[in-house]
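As structure tokens, the structure follows; a few thoughts come after it.
The values are calculated or read from the model by the stated rules, or taken from the named source; none is laboratory data. Keep in mind it's a predicted model, so treat the numbers as computed, not measured. Note that each Cβ is placed from the backbone with ideal geometry, even for glycine, and that neighbours are counted across all protein chains shown.
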Amino acid sequence: MRNRNIIFLLLIIIFFSLSEIAAQSGAKEDEKLLQEAKLLIFDKNWIEAEKKLDELLERYPKSPSYSTALFYKGKCLSEQKGREREAWKAFEEFLKRPDRPSALVEEAEISSVDLAFNFLNSGDQSFIPVLESRLTNPSKIIRYYTALKMSYLQDKNLAQKAVPVLKGLIESEKDQELIDRAKIALLRISPASLKEIQEKQEGGSFRLVKIRVYEKGKKTVSVSINLPLSLADLAIQAMPEKDKAALKQKGYDLNRILNDLAKSKEKMVRIEEEGNIVEIWIE
């Protein structure tokens, strides 16, 4: 009887030992698959990397690397044309997991915003809540990124929802480069909102850039623009370099013109192009 008990105990010990070995082997295998996938991602071999990640996700659903694999699967899918929706779902699934690695959360949020933005601009209104929810995200980085991104939306009514976040950024942040980006974003969405901020910051007193355009053969003004000087400077900064270079080739250096005008309240720049006349001055 005693021998039987000893044998039974030995069998139990062997069983648990084998189980532990199997578990360790599985753990090593899932880590191996993840590392192999990362190497393939580094080489931009998205399809093969996805296969490795799918194997990990299917074979090891309780793996500590499961959430990380989901994130990288989203990355692989986002790089494959036509699979962007699958990518977005993978990122969203990753973000919902309580065991998601915090180091990857910000990148996943940004990727989700980028994909949702593209879907929206393509006409899929179902992604409106995705962007709206990011405007109230606990992370100011995600709030700011979403608001800046939304300034490029074709639907300017929807883009207006980013205005409070952009205004808050301008009024509370110290990073001048970030503030300038927010001002340019506001300029795209709501110049009036930016004008309010400028008036508040400058105590209601600021210089205006005045632009008048006369079309060929006409004596009356075709276009009349009054823009705060600080906004004009931002507008020039926001112009694509190729457009500024094209104007410079024709002899119009916008930065120099604006600087020269800013030094004198009386000077006016007159530009004639194919019979059209543009007059610019600062008051």
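A compact table of results
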quantity	calculated
Condition check for residue 24: at pLDDT below 95 and out of contact with any Ser or Thr (no Cβ under 9 Å at 6 or more places or on another chain)	yes
Members of the stretch 148-180 found to be assigned to a helix (DSSP H, G or I) and either more than 19 Å from residue 131 (Cα to Cα) or touching a residue at least 60 places away in the same chain (Cβ under 8 Å) (or both), listed by number	170, 171, 172, 176, 177, 178, 179, 180
Residue identified as surrounded by fewer than 14 Cβ atoms within 10 Å (Cβ to Cβ) and modelled with pLDDT of 95 or more among 58, 48	58
Tally, over the stretch 77-107, of residues that are touching a Lys or Arg at 6+ places or on another chain (Cβ under 6 Å) and exposed (fewer than 13 other Cβ atoms within 10 Å of the Cβ)	0
Residue 137, sole failed condition from (1) modelled with pLDDT of 85 or more; (2) assigned to a helix (DSSP H, G or I); (3) not small (Gly, Ala, Ser)	(2)
